Amino acid sequence: MKHILKYFASLKTDESWTYRDLTPKDTAYLTHSYHRYPAKFIPQLVRRIIKEYSNEEELICDPFVGCGTTLLEALLIQRRALGVDINPVAYLITKAKTTYIKPQLLEMHVSKLFAKLNPQKNKTDNKVMERIRESPNYDRVRFWFGDDTIRNLSLILSLIEDMQEKAVQDFLKCGFSHILKNCSCWNMDSIKPARDKDKNIPRAIPTFKRRIIHMTRKNKEYYEILPKKVKARLSDYLDVFCEDCRHIPCEDEYVSIIATSPPYVTSYEYADLHQLTLLWINPETDMTENRKDHIGTTQPKDVSVKEIHSEIGNEIVRRLKNEGSKVNGNKNHYLNGCADAVFTYFAEMQQAFEQFTRVLKPGGIASIVIGNTTLGDVNILNAEVLSEISINVGFKLLKVIKRQIPSNKKWLPSIRNQETGQFASTNCASNKLVYPHEYIIILEKP
Ligand SMILES: C[S@@+](CC[C@H](N)C(=O)[O-])C[C@H]1O[C@@H](n2cnc3c(N)ncnc32)[C@H](O)[C@@H]1O
């Protein structure tokens with residue numbers, strides 16, 4: 001334990017990994033701009049990792065694939081790519097971003113669709129409208145969307161569902177998903193689901209059309225730049241699964257590199273953040289059940305792991321429990337709940353690392369990008385704990401790169417309110433800065 005803490009304390013920031021000068025436009029090239037996603041990778045950063053640790057044709061796996069940044073970068077430099085995410089919305093975005101469609105074919109489908117998008121000619125209820133109205137989540141739909149918008153979104157989605165080509169359907173659903181936050185009263189400045197009563201909500205059909213026109217252009221650019229070999233046999237190069245990464249659907253010792261950024265404990269509730277898409281695309285979703293398999297959620301759950309293979313991790317959980325019992329003589333229920341959530345997080349990450357050792361080839365590399373945080377006065381040393389766990393499940397720690405997260409970047413929330421523990425806006429004086437750095441942990445499977 002001590003040598004890991006000492007090693008981390010001795011690390012100096014490596015400026016070359018900061019990517020301070022990149023603008024949002026620089027990171028939104030090709031299909032990376034299809035859909036917003038919280039805490040996504042900087043494409044340049046993950047490409048550099050892939051290039052440093054793999055050769056062409058090798059298999060890169062991202063078990064927490066999110067919106068597919070790693071996979072897209074892998075394909076662009078002629079690696080094979082395997083992505084897994086528990087979240088169906090992540091799966092949809094990743095499929096759409098990585099599966100090119102021949103530009104002419106796409107343009108034909110899009111213009112046919114646009115021609116049919118006329119609410120005046122489609123006044124009767126369509127199948128989506130009927131489905132949404134009967135769904136157990138209809139109240140939620142009405143909480144977020146106005147009646148006119150519900151009608152227009154139903155029309156768009158029912159026309160998408162009528163399309164024959166699966167890739168075109170996924171492409172359009174991805175665009176549809178992206179506009180849902182804009183076209184509802186969702187507060188776009190909040191990193192938690194919250195309503196903005198004063199929002200000027202744009203009309204759904206023109207917003208959707210603009211989005212699809214943008215994506216059509218990006219698809220063409222992607223099609224033109226993709227290496228010939230990959231383009232000719234994309235299905236040989238790409239696999240995406242909507243699965244729990246503790247059960248990656250591939251053989252033992254199959255993967256050359258894992259390049260990933262895991263969820264953080266008690267930061268984003270990915271399941272909640274994507275609820276609008278689920279309300280439309282999977283209206284039967286049980287929103288509470290849906291969170292359960294997400295690693296990093298605050299939702300209490302049973303975990304089969306009884307022991308975390310990390311002294312640092314156990315000490316953090318102990319300290320959270322102590323702090324939770326003694327704040328001003330009263331119990332701090334928030335911190336007490338966090339102690340359980342943090343234990344569960346470390347335990348589930350341990351299961352994930354065990355799975356990573358199974359799928360990696362001997363000599364294979366796992367590169368894990370992770371930051372630390374604080375809860376109350378307790379430092380949650382995710383990077384140190386995950387390093388210790390990984391060593392104890394059989395990895396060799398090759399090195400750790402410490403990178404600064406430029407303060408002007410919005411990729412991660414940086415401030416947490418000290419009373420509630422929730423992430424907050426950066427102008428609140430009583431808050432504490434978290435995540436000023438993150439770590440790239442490089443591991444080798446012996
Ligand atoms: C930090 S994000 C990854 C973002 C990604 N690097 C990108 O560029 O989009 C973490 C992801 O882990 C996923 N996740 C959480 N629990 C999971 C699990 N048990 N199995 C697989 N994915 C999970 C979340 O849905 C989320 O997409």
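The values are calculated or read from the model by the stated rules, or taken from the named source; none is laboratory data. No experiment lies behind these values; they were computed from the predicted model shown. Every residue, glycine among them, receives a Cβ derived from its backbone with ideal geometry; neighbour counts consider all protein chains shown.
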Tally of residues being without any contact (Cβ under 8 Å) to a residue 40 or more places away in the chain and assigned to a helix (DSSP H, G or I) across segment 172-187: 2
Hits in segment 144-171 (condition: in contact (Cβ under 8 Å) with a residue 24 or more places away in the chain and among the hydrophobic types (A, V, I, L, M, F, W, C)): W144, F145, L153, L155, I156, L157, L159, I160, M163, A167, V168, F171
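For segment 2-21, which positions are hydrophobic (A, V, I, L, M, F, W, C) and surrounded by fewer than 14 Cβ atoms within 10 Å (Cβ to Cβ)? Spell out the reasoning first.
The initial filter retains those residues of segment 2-21 that are hydrophobic (A, V, I, L, M, F, W, C), namely 4-5, 8-9, 11, 17.
Within segment 2-21, just A9 meets the criteria.
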Number of the exception - G376 against (1) surrounded by fewer than 24 Cβ atoms within 10 Å (Cβ to Cβ); (2) under 22 Å from V303 (Cα atoms); (3) of a type in the set (G, A, S): (2)
Output for segment 26-45, where each listed residue is within 9 Å of the ligand (Cβ to nearest atom), assigned to a loop (DSSP other than H, G, I, E, B) and not charged (D, E, K, R): Y37, P38, A39, F41, I42
Residue match in segment 381-401 (condition: in contact with a strand residue (DSSP E or B) (Cβ under 8 Å, 6 or more places away or on another chain), among the charged types (D, E, K, R) and modelled with pLDDT under 90): no
Wholly enclosed helices (runs of 4 or more DSSP H) of segment 200-278 bearing at least 1 residues under 28 Å from N152 (Cα atoms) and modelled with pLDDT of 95 or more: 204-225
Test: residue in segment 294-312 that is more than 13 Å from the ligand (Cβ to nearest atom), part of a helix (DSSP H, G or I), within 27 Å of F395 (Cα to Cα) and in contact (Cβ under 8 Å) with a residue 24 or more places away in the chain: yes
Among (1) farther than 20 Å from A366 by Cβ; (2) near the ligand (Cβ under 9 Å from one of its atoms), the one test that T70 misses: (1)
Odd one out for Y37 among (1) touching a Gly at 6+ places or on another chain (Cβ under 8 Å); (2) free of Cβ contacts under 8 Å to residues at least 60 places away in the same chain; (3) farther than 21 Å from H214 by Cβ: (3)
Condition met for A341 (closer than 30 Å to F171 by Cα, among the hydrophobic types (A, V, I, L, M, F, W, C), within 14 Å of the ligand (Cβ to nearest atom) and crowded, with 17+ Cβ neighbours inside 10 Å): no
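I'm trying to understand the selection: among the residues of segment 239-285, which are away from the ligand (no atom under 16 Å from the Cβ) and either buried (at least 21 other Cβ atoms within 10 Å of the Cβ) or more than 20 Å from S54 (Cβ to Cβ) (or both)?
Going residue by residue through segment 239-285, those that are away from the ligand (no atom under 16 Å from the Cβ) are 251-254, 256, 279-280, 283-284.
Result: L279, W280, P283, E284.
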Options I49, I60: the member that is in a helix (DSSP H, G or I), closer than 11 Å to A259 by Cα and either in contact (Cβ under 8 Å) with a residue 40 or more places away in the chain or near the ligand (Cβ under 7 Å from one of its atoms) (or both): I49
